Amino acid sequence: MTDAGTASCQPGLDAVELDAIEGVRDFGRALTRLRQRAGLSVRDVSAASGIALSTLSGYFAGTHLPAVGQELRLSRLLTACRVGASEQEGWHEVWHRLRDAARSAHPDNRAVREPRSVRPQATGPVPAEAPSPRAAARSRLVGVPAPAPRSETAAGGRAGRALLRSIRPPLARLSHEPVVRGRDGLVGRLATALGTASTPRVHVLCGLAGVGKSTVALTLARAAVAHGAQVWWVGADSAAATADAMYALAAELGASRNQLEHSSLPDLVWRLLSAQRRPWLLVVDGADDTDDVLAPGGGRVVDGTGWVRPVSGMQGMVLVTTRDGRTWRHPGPSGPARGAWFDAHLVAPLARGDAARVLLELAPRGGGPAEALALAERLGGLPLELRLAGGVLAAAARVPIDFADAETPRTFADYAASLDRGGDPSALAAPHRSAPMGRSWRLSLDMLERCGLQAARPLLHLAACLAPGPFPWTRVLRPDVLAGSPLFPGLGALSLCELVDALVDLGFVTRHREGDTELLTLPSPVRRLFRDTTEVRTRLADYFELLTRLLMVAFAEYEARDPAAWPGLEVLAGQEQAALDLVDDLGGGTGAPAVPDDLLLPVRLATCHRRVSGRLREAERICTDALPKSRRLLGPDHPDVLALEHELGRIRLGCGDAARAVRELRAVLDARVRVLGQTDPDTLTTQHYLARALLALGRVQEAHVWFARTLAARTRILGPGHQDTLATRHDLGLVLLEQGRYTVAAEILRTVLAERTVLLGADHPATLVTRQHLTRLVVETHGPDSARDAYREPASECTRVLGNAHPYAPGPRRALDEPTGAPDGAALPRTRHRGDSSGEPGRPPHPAGSNG
């Protein structure tokens with residue numbers, strides 16, 4: 001190279017011979033030589049050119065070229081490798097030549113080579129053909145000898161031709177696989193289509209790698225053979241392999257040498273297939289790079305002019321298996337849809353029961369049905385993962401117990417525990433089988449990037465950072481929030497929808513509806529593969545900050561204490577700790593990212609929602625799970641950690657453990673006084689609930705002192721009409737009720753009821769609580785004979801607003817069935833028996849603090 005920019009290149013590397021570049025791999029090797037000569041890493045080139053690292057890796061590896069219309073990208077790449085402007089023109093000429101070759105009828109100059117003889121021809125040797133100058137130059141580039149001269153055999157065939165793959169269906173494979181389960185409906189529909197005059201006659205099985213598409217195809221092929229149909233199996237893992245298989249198919253169907261040599265091979269194959277009079281089935285397996293493999297000449301497979309076409313007549317059927325559901329999806333709001341000449345079927349993972357039966361069949365000594373079900377769910381129902389797990393456990397069962405080691409799982413539970421520790425137990429018995437599945441998934445993402453969907457990979461990583469299980473993607477993956485992250489700069493709503501469609505089409509996620517909400521789910525193996533990765537770890541701060549922001553926006557839309565918001569919070573259930581878990585799992589050490597504001601807001605809202613909706617044990621589980629991680633990440637005195645500890649104290653009180661609630665709330669109060677100050681609204685909230693816990697223990701006078709102190713402070717700081725002030729006035733009325741001061745208690749409770757009705761509404765839980773305690777006051781002052789009439793309306797209102805399962809609802813309903821009034825232990829006995837049933841489930845957070 002002659003440009004000044006090459007002065008720092010590494011010595012000892014020869015110049016690149018552009019004439020020696022004959023294919024995509026040669027182009028990649030030549031680019032690699034440029035990069036090495038410049039002394040650059042792939043990451044250096046990415047930084048200098050602005051081209052994504054994963055895209056560059058494909059160029060240097062020789063798996064693909066810059067696409068049509070990306071001349072500027074190639075120029076940036078060459079400039080980054082210090083190729084001067086005068087030399088870049090030659091590189092562009094080579095690139096155009098290779099792109100033109102890819103659009104020809106024989107991709108990569110390898111799809112269909114010289115015609116194969118199908119009839120004996122004249123005998124006698126043909127003079128040997130010397131290597132071409134281009135082949136000799138290519139041998140110098142790649143460092144291997146030039147190909148040996150070719151000669152024609154006496155039979156007229158090509159002596160140098162590689163052996164073609166068989167086009168017989170590999171039915172023997174089924175004898176080594178577990179019984180096919182969970183596919184009866186799909187196989188039945190395909191078999192019916194094959195044996196009847198139904199249309200369309202082309203069917204496409206789409207789905208994630210390892211989901212069992214090829215097994216379904218083999219099952220159908222076996223049934224077709226049993227019914228006397230001709231069956232051909234084309235392995236379509238590359239354009240060359242597909243063309244070779246179609247060449248063999250044409251020869252088997254009776255094509256002449258002249259036809260093979262002078263006809264369009266796709267046209268010839270389909271003329272011969274259309275002439276068949278016997279039933280036939282053509283399986284095209286593994287056509288993942290769909291257009292490249294099935295549309296020679298640079299077209300589109302859905303145009304119906306490539307290797308897969310509309311079937312004329314009713315004798316034949318074509319079945320395609322592919323990870324690429326996107327190509328076969330027609331424009332519309334849903335996934336793979338019915339087309340004019342083909343029908344696409346999304347092959348989903350197995351249901352839990354079917355997956356568990358596969359495990360029990362493969363590893364009968366691995367455990368019982370319950371353990372198998374748990375592991376099947378952990379593996380996402382993917383048949384390949386199930387076979388790997390079953391193989392490991394079956395192999396371990398054959399190892400004498402004296403030779404067993406702690407690293408080798410022997411039961412379903414052991415296998416699941418190994419996965420939980422971040423291990424890959426499938427590699428113990430099948431390292432050559434588990435790795436390719438991950439590679440095939442990454443190749444699918446490479447395909448999306450070549451289609452211009454560069455954000456598909458980070459979106460899949462982001463989805464893997466969420467908690468397991470379905471999530472409402474339109475509420476969590478907000479385009480405006482995503483666009484503000486360096487992971488998705490400028491991403492718009494339409495682009496996001498296209499990305500989600502593409503991931504669904506490739507089987508990386510499944511999509512279903514519950515009511516008006518559309519949910520996405522990542523299979524467990526996909527989540528496991530794309531969560532703890534180098535890509536996430538190196539950009540953990542970006543993923544952590546973005547995930548925290550997304551969850552905060554999603555949860556903050558709902559007021560946890562308002563029953564009208566509960567359905568929205570239900571669909572977010574389980575995601576509240578996703579950001580906390582992400583940094584706790586992956587952010588250890590000195591490189592832990594900075595903690596965004598409001599990290600614990602989703603946890604606090606989810607806990608509050610469970611508590612006020614009566615699911616106290618769920619609320620307790622969320623708190624006890626989140627608190628240790630929160631203390632490690634934020635410190636024990638962080639205000640948000642103290643707010644979560646306050647919430648846990650309230651939950652203890654609601655569960656009836658008032659003594660423990662007193663201890664824990666005293667500790668929170670001391671910490672809040674120290675950190676926030678005596679008069680902070682959050683401090684006063686803990687002070688209020690400490691008084692309530694004391695009242696529940698029967699320490700009425702002590703509770704009276706704390707309530708009076710809190711009421712004075714809240715009136716002064718928040719105002720007499722604030723709902724927190726109303727809550728303290730309400731509970732002070734309960735103290736008076738406990739002391740038998742019914743007149744004063746009734747006056748306070750009636751005033752609070754009127755103000756709560758105006759402020760919160762008649763159906764708000766806090767308003768209902770006040771009405772219930774006024775009902776109790778009527779019963780205690782007028783005798784048990786008044787109970788039935790007094791409780792009838794509160795019972796109806798509680799059931800209507802809160803539902804039958806809420807702890808506030810059963811007491812009034814049971815009182816209607818008791819002839820003598822409220823039964824002992826109902827929802828409305830004296831306060832010391834009820835715990836946290838008497839006050840303020842309806843307060844939203846105060847602007848000045850969390851209010852616990």
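Does region 270-282 contain at least one residue that is of a type in the set (D, E, K, R) and within 28 Å of Arg450 (Cβ to Cβ)? Checked region 270-282: no residue is of a type in the set (D, E, K, R) and within 28 Å of Arg450 (Cβ to Cβ). Scan region 478-500 for residues that are open to solvent by 30 Å² or more (accessible area, probe 1.4 Å) and assigned to a helix (DSSP H, G or I) and the total you get is 8.
Screening Pro523, Pro567 for residues that are open to solvent by 30 Å² or more (accessible area, probe 1.4 Å) and at negative phi leaves exactly one candidate, Pro567. Scanning region 570-589 for residues that are β-branched (Val, Ile, Thr), within 28 Å of the chain's Cα centre (by Cα) and outside any loop (DSSP other than H, G, I, E, B) turns up at least one hit.
Quick grid of which residues meet (1) more than 15 Å from Val320 (Cα to Cα); (2) open to solvent by less than 10 Å² (accessible area, probe 1.4 Å); (3) within 32 Å of the chain's Cα centre (by Cα):
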residue	(1), (2), (3)
Val204	no, yes, yes
Thr219	no, no, yes
Trp232	no, yes, no
Glu261	yes, no, no
Ser274	yes, no, no
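Would you confirm, using the coordinates I've provided, whether Ala374 is open to solvent by 30 Å² or more (accessible area, probe 1.4 Å), modelled with pLDDT of 85 or more and within 20 Å of Val526 (Cβ to Cβ)? Yes; evaluated as a whole, the condition is true for this residue. Applying the criterion of being over 13 Å from the mean Cα position of the chain (by Cα) and in a helix (DSSP H, G or I) to the residues of region 528-542, the residue that is surrounded by the most Cβ atoms within 10 Å (Cβ to Cβ) is Val536. Scanning region 264-293 for residues that are touching a strand residue (DSSP E or B) at 6+ places or on another chain (Cβ under 7 Å) and of a type in the set (A, V, I, L, M, F, W, C) gives Leu273, Trp280, Leu281, Leu282, Val283, Val284, Ala287. Just one of the listed residues (Leu749, Leu690, Leu695) is open to solvent by less than 50 Å² (accessible area, probe 1.4 Å), more than 24 Å from Leu642 (Cα to Cα) and either assigned to a helix (DSSP H, G or I) or among the small types (Gly, Ala, Ser) (or both), and it is Leu749.
Note on region 596-611: residues that are within 25 Å of the chain's Cα centre (by Cα) and either on the phi > 0 side of the Ramachandran plot or not in a helix (DSSP H, G or I) (or both) amount to 4.
Just one of the listed residues (Glu114, Glu22, Glu87) is closer than 26 Å to Arg165 by Cβ, more than 37 Å from the chain's Cα centre (by Cα), at pLDDT below 85 and surrounded by 14 or more Cβ atoms within 10 Å (Cβ to Cβ), and it is Glu22.
Scanning for something open to solvent by 30 Å² or more (accessible area, probe 1.4 Å), within 23 Å of Ala556 (Cβ to Cβ) and either more than 31 Å from the chain's Cα centre (by Cα) or hydroxyl-bearing (Ser, Thr, Tyr) (or both), does region 612-635 turn up at least one residue? Checked against the condition, which is being open to solvent by 30 Å² or more (accessible area, probe 1.4 Å), within 23 Å of Ala556 (Cβ to Cβ) and either more than 31 Å from the chain's Cα centre (by Cα) or hydroxyl-bearing (Ser, Thr, Tyr) (or both), region 612-635 yields no hits at all.
Would you say Pro468 is open to solvent by less than 10 Å² (accessible area, probe 1.4 Å), modelled with pLDDT under 90 and either in contact with a Ser or Thr (Cβ under 9 Å, 6 or more places away or on another chain) or not basic (Lys, Arg) (or both)? No: the conditions fail for Pro468. Residue-level analysis places Val269 outside the set of residues that are open to solvent by less than 10 Å² (accessible area, probe 1.4 Å) and either without any contact (Cβ under 8 Å) to a residue 24 or more places away in the chain or assigned to a strand (DSSP E or B) (or both). The requirement of being farther than 24 Å from Asp289 by Cα and either surrounded by fewer than 18 Cβ atoms within 10 Å (Cβ to Cβ) or of a type outside the set (D, E, K, R) (or both) is satisfied by Ala226. Name the one entry in Thr683, Thr679 that is farther than 22 Å from Arg610 by Cβ and at pLDDT 95 or above. None of the other options fit; the residue is Thr683. Residues of region 315-369 that are open to solvent by 50 Å² or more (accessible area, probe 1.4 Å), modelled with pLDDT under 85 and part of a loop (DSSP other than H, G, I, E, B): Arg326, His330, Pro331, Pro333, Ser334, Ala340. Here the condition is being surrounded by fewer than 24 Cβ atoms within 10 Å (Cβ to Cβ) and either over 27 Å from Thr767 (Cβ atoms) or in contact with a Lys or Arg (Cβ under 8 Å, 6 or more places away or on another chain) (or both); of Val668, Val673, it holds for Val673 alone. Within region 220-234, identify whether any single residue is closer than 27 Å to Ala502 by Cα and not β-branched (Val, Ile, Thr), and answer yes or no. Taking every residue of region 220-234 in turn, none turns out to be closer than 27 Å to Ala502 by Cα and not β-branched (Val, Ile, Thr).
For region 523-557, a residue qualifies if it is touching a residue at least 60 places away in the same chain (Cβ under 8 Å) and either touching a Pro at 6+ places or on another chain (Cβ under 8 Å) or among the charged types (D, E, K, R) (or both), and the qualifying residues are Pro523, Ser524, Arg527, Arg528, Arg531, Asp532, Glu535, Glu545, Arg549, Leu551, Ala554, Glu557. Filtering region 64-83 down to residues that are in a helix (DSSP H, G or I) and open to solvent by 20 Å² or more (accessible area, probe 1.4 Å), which residue is nearest to Arg37 (Cα to Cα)? So the residue we want is Thr79. When Ser41, Ser54 are checked against the criterion of being modelled with pLDDT under 80 and surrounded by fewer than 17 Cβ atoms within 10 Å (Cβ to Cβ), a single residue qualifies: Ser54. Taking the conditions (1) in contact with a Ser or Thr (Cβ under 8 Å, 6 or more places away or on another chain); (2) open to solvent by less than 30 Å² (accessible area, probe 1.4 Å); (3) within 27 Å of Val392 (Cβ to Cβ) in turn, Thr510 satisfies each one other than (2).
Only one entry in Arg189, Arg173 is modelled with pLDDT of 75 or more, among the basic types (Lys, Arg) and either in contact with a helix residue (DSSP H, G or I) (Cβ under 8 Å, 6 or more places away or on another chain) or more than 22 Å from Pro279 (Cβ to Cβ) (or both), namely Arg173. One residue alone among Ala417, Ala427, Ala435, Ala413 is modelled with pLDDT of 85 or more, assigned to a helix (DSSP H, G or I) and either under 18 Å from the mean Cα position of the chain (by Cα) or not acidic (Asp, Glu) (or both), and that residue is Ala413.
The values are calculated or read from the model by the stated rules, or taken from the named source; none is laboratory data. Keep in mind that this is a model prediction, so the values were computed, not measured. Here Cβ is always computed from backbone atoms with ideal geometry, including for glycine, and neighbour counts include all displayed protein chains. The protein model used for the area step is the full one, side chains on, heavy atoms only, and it has no ligands, DNA or RNA in it. Shrake-Rupley method; radii C 1.70, N 1.55, O 1.52, S 1.80 Å.
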